[in-house]
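A short reminder: the numbers here are calculations on the coordinates, not readings from a lab. It should be emphasised that the depicted structure is a prediction, and the values quoted were computed from it without experimental measurement. Neighbour counts are summed over all protein chains in view; Cβ atoms, including those assigned to glycine, are modelled from backbone coordinates with ideal geometry.
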Amino acid sequence: MTPDFGQGVCSALEDSVVIAKCLGEAFIKPITEQENDESMKIRKGLEKYAKERRWRNFTFISAAYLSGFIQESDNKIISQYFLAGVTISVTLRIANFN
């Protein structure tokens, strides 16, 4: 993740909470015939984590890249007006996380 939004550590903290939740839920469920050992439970928990975090992390990375690209632009109109609009809309969307 590029440092343009300063979201690296925040995203890592969110990742740690979500992975703990997904693995915890996987271990709480009773063992079924298909999940005959703990490694299957871990796999299911990690798959759920990846599914849950994929698009949020994609948003972080894409927005940071776009922000950095605009900041380095020589076009003043794009760098002043477009950057403000993108930053506000993406920041508000990113802040809405449960």
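Please give the charge dipole size of segment 11-84, origin at the Cα centre, charges +1 on K and R Cβ atoms and -1 on D and E Cβ atoms. Round to the nearest 20 debye.
Computed charge dipole of segment 11-84: roughly 160 debye.
Under 5 Å between amide H atoms, partner at least 5 residues away or on a different chain: which partners does S73 have, H built in plane at 1.01 Å?
Here nothing satisfies the definition.
Could you tell me which of rounded, prolate or oblate describes segment 34-92, using a ≥ b ≥ c as the square roots of the eigenvalues of the alpha-carbon gyration tensor, with rounded for a/c under 1.5 and, failing that, prolate when a/b is larger than b/c and oblate otherwise?
Working: a/c = 8.48, a/b = 4.21, b/c = 2.01.
Prolate, since a/c reaches 1.5 and a/b exceeds b/c.
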